[in-house]
Amino acid sequence: MGDEKNERVIAIGSDHAGFRIKEIYKEELTRRGYDMLDMGTDSEESCDYPDFAQAVAEAVSVGDASKGVLVCGTGAGMAMAANKVPGVRAAVCNDPYTAQYCRLHNDANVLTLGARVVDEDEALRILGLFLDAGFEGGRHSARVEKIGEIERKYTKER
Ligand code: RB5
């Protein structure tokens, strides 16, 4: 995790419901100078969101990408699946405030978005806030560390 050479690499994925926004996000990420790992899907044909959540989350977990972006219908299924991968802190960001504060306070490393919940302009605003905000650290560091402790506890018990 946190491999500096991949700081400007974003892993991105969607299911069929999020495909259109994923393609719009890719254009925006290119415009902002990011490199991308597109984990699919490649069309609006029906598919299973956990497959893409896992691929993006693993890329973030091993450090091939500094952050991940996942789009499905609600953002919820993607977050549930991505958060099963160690080291991943995926946050459903269907509003700008959450997009900004999940970075500032929670050090979220995966943004999940509901393409059936927000329109295109809002989706772009959300992505921009997520990318531009940095973790504040300070009192939030110990709280984020506690999330890691929970993860380690249950990973050990498996
Ligand atoms: C697909 O119809 C929908 O269930 C999926 O995109 C997502 O919203 C799941 O969380």
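Just so you know, all these numbers are worked out from the coordinates, no wet-lab data involved. Given the structure is predicted, the values throughout are model-derived calculations rather than measurements. Don't worry about glycine lacking a Cβ; one is built from the backbone with ideal geometry, like all the others, and counts go over all protein chains shown.
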From the helices alone, meaning DSSP H stretches of at least four residues, give me the mean residue ellipticity at 222 nm for the chain, per-run term -39500 (n - 2.57), in deg cm²/dmol to the nearest 500. -15000 deg cm²/dmol
Any chance you could check the Cα centroid distance between region 99-146 and region 21-41 for me, in angstrom? 17
Running a GNM on the chain with Cα contacts under 10 Å, which residue among ASP132, ASP35, ASP15 ends up with the highest mean-square fluctuation? ASP132
What list of ³J(HN,Hα) couplings, whole Hz, do you get for region 116-121 from phi and the Karplus terms 6.51, -1.76, 1.60, once you set θ to phi - 60° and write x for glycine and proline? 8, 10, 10, 7, 4, 5
Which percent of the Cα-Cα distances in the chain go past 26 Å? 18
Could you list the trypsin sites (Lys or Arg not before Pro) in region 39-95 that lie in coil according to DSSP, counting only those with at most 14 other Cβ atoms within 10 Å of their Cβ? LYS84
What the 10 Å binned alpha carbon P(r) of region 1-43 shows, as percent of pairs per bin from 0, is 29, 50, 20, 1
